[in-house]
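Below is one structure, written out as structure tokens; the observations come after it.
The values are calculated or read from the model by the stated rules, or taken from the named source; none is laboratory data. Source: prediction; values computed, not measured. No Cβ is skipped: glycine too gets one built from the backbone with ideal geometry, and neighbour counts run over all protein chains shown. Please note that ligands, DNA and RNA were not included when accessible areas were found on the heavy atoms of the full protein model with its side chains. Shrake-Rupley method; radii C 1.70, N 1.55, O 1.52, S 1.80 Å.
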Amino acid sequence: MTAPTTGRRAELTRPDGTPLRVLVVDDEATLSELLSMTLRYEGWQVRTAGNGLDAVRAARDFRPDAVVLDIMLPDIDGLEVLRRLRADASEVPVLFLTAKDAVEDRVAGLTAGGDDYVTKPFSLEEVVARLRSLLRRSGLTAAGREPLLAVGDLLLDEDSHEVTRAGTEVRLTATEFELLRYLMRNPRRVLSKAQILDRVWNYDFGGQANIVELYISYLRRKIDAGRPPMIHTVRGAGYVLKPAAGS
């Protein structure tokens, strides 16, 4: 049987079928907007706050299902925001964003009651994946949905990070996995090198576009080798993933 062709992952919703709500707290307006756009693409409702006090007020009004929370804020820091959220008897899952990568900063955030963290600069796809995992663990989402992406005979499990093609396991590095996930979420759509850099690496990546060519070549060796090709180059435009002919 041929696997269904779809680029959208299984949707997560509240048990009543309404969209999940996510509060994004960051004083960098550009980053906040990028995160908001990415989360809305998931079908979620998003509200933003640019400082800690606004975040506390927004949480009380918006009642989010998850919070993306920068530690460094212009008034009270993210740890104090979390303390006030917990004082309101809120058990909302919190994903910390931080430019700090010292072990003590990570421990402080988790000890304060945070559920997970990512360090800037980060991949937008990673933030989405971490949030989806937190929401599933929280039990807030509708049950019975599988975290699978399928394009033709290519399957990707976002929870286990397992990838198969025609039933055969494909082993990928973390970066290869993120690149394939982005391609599979946008089947038959030509993605430029700039778009891929923004979504797979990080929002302010300063490297050269040839890194995309390099990782596309890695994927082709693992996904397409000895099989009808799925990853195609569109000269002057970018790359596209689509079901192989006959699949």
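Any residue in region 55-66 that is under 19 Å from Glu125 (Cβ atoms) and of a type in the set (Phe, Trp, Tyr)?
no
I need a count of the residues in region 54-71 that are crowded, with 16+ Cβ neighbours inside 10 Å and either in a loop (DSSP other than H, G, I, E, B) or of a type in the set (A, V, I, L, M) (or both).
11
Considering only residues of region 78-102 that are at pLDDT 85 or above and in a loop (DSSP other than H, G, I, E, B), which is farthest from Val127 (Cα to Cα)?
Val92
Answer with yes or no whether Tyr203 is in a loop (DSSP other than H, G, I, E, B), modelled with pLDDT under 85 and open to solvent by 10 Å² or more (accessible area, probe 1.4 Å).
Against the criterion (in a loop (DSSP other than H, G, I, E, B), modelled with pLDDT under 85 and open to solvent by 10 Å² or more (accessible area, probe 1.4 Å)), Tyr203 qualifies.
Filter region 161-176 down to residues that are under 19 Å from the mean Cα position of the chain (by Cα) and open to solvent by less than 60 Å² (accessible area, probe 1.4 Å) and give me whichever is modelled with the lowest pLDDT. So that I can check it myself, show each step before the final result.
We begin by selecting, within region 161-176, every residue under 19 Å from the mean Cα position of the chain (by Cα); these are 161-163, 172-176.
Filter once more, so that each one left must be open to solvent by less than 60 Å² (accessible area, probe 1.4 Å): 163, 172, 175-176.
Numbers: Val163: 93, Leu172: 89, Thr175: 82, Glu176: 89.
Only one residue tops the list, namely Thr175.
Kindly evaluate Asp75 against the criterion of being assigned to a helix (DSSP H, G or I), modelled with pLDDT of 90 or more and open to solvent by 20 Å² or more (accessible area, probe 1.4 Å). Give the derivation first.
Numbers: assigned to a helix (DSSP H, G or I): no; modelled with pLDDT of 90 or more: yes; open to solvent by 20 Å² or more (accessible area, probe 1.4 Å): yes.
For Asp75, the condition - assigned to a helix (DSSP H, G or I), modelled with pLDDT of 90 or more and open to solvent by 20 Å² or more (accessible area, probe 1.4 Å) - is not met.
Kindly establish whether Arg185 is buried (at least 16 other Cβ atoms within 10 Å of the Cβ), within 15 Å of Pro243 (Cα to Cα) and modelled with pLDDT under 90.
Values: buried (at least 16 other Cβ atoms within 10 Å of the Cβ): yes; within 15 Å of Pro243 (Cα to Cα): yes; modelled with pLDDT under 90: yes.
Yes, satisfied.
Look at Leu179 and say whether it is crowded, with 20+ Cβ neighbours inside 10 Å and modelled with pLDDT under 90.
Details: crowded, with 20+ Cβ neighbours inside 10 Å: yes; modelled with pLDDT under 90: no.
So Leu179 fails the test.
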